[in-house]
1. Inspect all residues belonging to the range 30-50 and state whether any of them is hydroxyl-bearing (Ser, Thr, Tyr) and open to solvent by less than 40 Å² (accessible area, probe 1.4 Å).
2. Taking the range 88-121 as the search range and keeping residues that are under 18 Å from TRP31 (Cα atoms) and over 16 Å from the mean Cα position of the chain (by Cα), which one is surrounded by the fewest Cβ atoms within 10 Å (Cβ to Cβ)?
3. Counting only residues that are in contact with a helix residue (DSSP H, G or I) (Cβ under 9 Å, 6 or more places away or on another chain) and either of a type in the set (Asp, Glu) or free of Cβ contacts under 8 Å to residues at least 24 places away in the same chain (or both), which one in the range 40-53 is nearest to ARG163 (Cα to Cα)?
4. In the list LEU185, LEU181, which residue meets the criterion of being farther than 28 Å from SER77 by Cβ, among the hydrophobic types (A, V, I, L, M, F, W, C), modelled with pLDDT of 80 or more and surrounded by 14 or more Cβ atoms within 10 Å (Cβ to Cβ)?
5. If you go through the range 54-72 one residue at a time, do you hit one that is assigned to a helix (DSSP H, G or I), open to solvent by less than 40 Å² (accessible area, probe 1.4 Å) and within 21 Å of CYS162 (Cα to Cα)?
6. Give the number of residues within the range 75-92 that are touching a residue at least 24 places away in the same chain (Cβ under 8 Å) and within 20 Å of THR119 (Cβ to Cβ).
Amino acid sequence: MPSETIDRSRSRPVDLTAALSASGVVGTWAWSAQPDRCILDAGAADVLAGDHAIAGLPVPFERAKARVHPDDLPKLSRHFKRLRRSGGLFVAEYRTVSTAGRVRRILDRGRLVRNESGTVLHGHGIIIDVTEGDLDLGAFAEIERKDPSAILDTAAAHALACRETIDQLDNSELRLLVDVLLLSLGQQIAALSRGPGRGH
């Protein structure tokens, strides 16, 4: 029976990709302190930078966020710079503008991680397109821990760390399981962000 379950899971990557897209998850990002560079996957590179060619490449923050709306970029940049010093939960909502002029609203959630000595070393996050939601574009602050959304943020941060660790094993089955968890967390986070009556 366990082997049948594993075999079925191997046939689902295409479905998982479709589910991620349908839920609004458009990409992921990583950041490294040494050097100070961001790495975007293909979806994030398209939406945030407007350039597929930089997917998977370490680029400066300004290059990684080239398509962020000019009215939102300064506040986003200041928020990220603060977190580069302190670490912790990264939560931001902002607009992007494509080369064709399409405006999208983005929910960007992740975490910048400190080592035991308190030095911020790296971070990871997900990009969710919430254009259809009713969001407050000024939300750049950490959410209180007792808030359900903060609990989900913490769970997502741990899941992202788990995904990074599993990548070192090159185990596709475990990666799929964590991706499914990230999908579910992303859906719940997006539902909470859209407000009462817009989730589930």
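The values are calculated or read from the model by the stated rules, or taken from the named source; none is laboratory data. Computed from a predicted model, the values in this text were never measured in an experiment. No Cβ is skipped: glycine too gets one built from the backbone with ideal geometry, and neighbour counts run over all protein chains shown. With ligands, DNA and RNA removed, areas are computed over all heavy atoms of the protein, side chains included. Shrake-Rupley method; radii C 1.70, N 1.55, O 1.52, S 1.80 Å.
1. Quick first cut of the range 30-50, residues hydroxyl-bearing (Ser, Thr, Tyr) only: 32.
Going one step further and asking which of them are open to solvent by less than 40 Å² (accessible area, probe 1.4 Å), we end up with none.
For the range 30-50, residues hydroxyl-bearing (Ser, Thr, Tyr) and open to solvent by less than 40 Å² (accessible area, probe 1.4 Å): absent.
2. Restricting to residues being under 18 Å from TRP31 (Cα atoms) and over 16 Å from the mean Cα position of the chain (by Cα), the top hit is GLY118.
3. Selected residue: ALA42.
4. Step by step, each of LEU185, LEU181 is checked, and only LEU181 is farther than 28 Å from SER77 by Cβ, among the hydrophobic types (A, V, I, L, M, F, W, C), modelled with pLDDT of 80 or more and surrounded by 14 or more Cβ atoms within 10 Å (Cβ to Cβ).
5. Here is the first cut: in the range 54-72, the residues assigned to a helix (DSSP H, G or I) are 54, 61-64.
Narrowing the set further to residues that are open to solvent by less than 40 Å² (accessible area, probe 1.4 Å) leaves 54, 61, 64.
Within this subset, residues satisfying the condition of being within 21 Å of CYS162 (Cα to Cα) are none.
No, there is no match, as no residue in the range 54-72 is assigned to a helix (DSSP H, G or I), open to solvent by less than 40 Å² (accessible area, probe 1.4 Å) and within 21 Å of CYS162 (Cα to Cα).
6. Final tally of qualifying residues: 9.
Conditions (1) at pLDDT 90 or above; (2) part of a helix (DSSP H, G or I), marked per residue:
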site	(1), (2)
LEU112	yes, no
GLY125	yes, no
ASP134	no, no
LEU137	no, no
ALA141	no, no
ARG163	no, yes
LEU176	no, yes
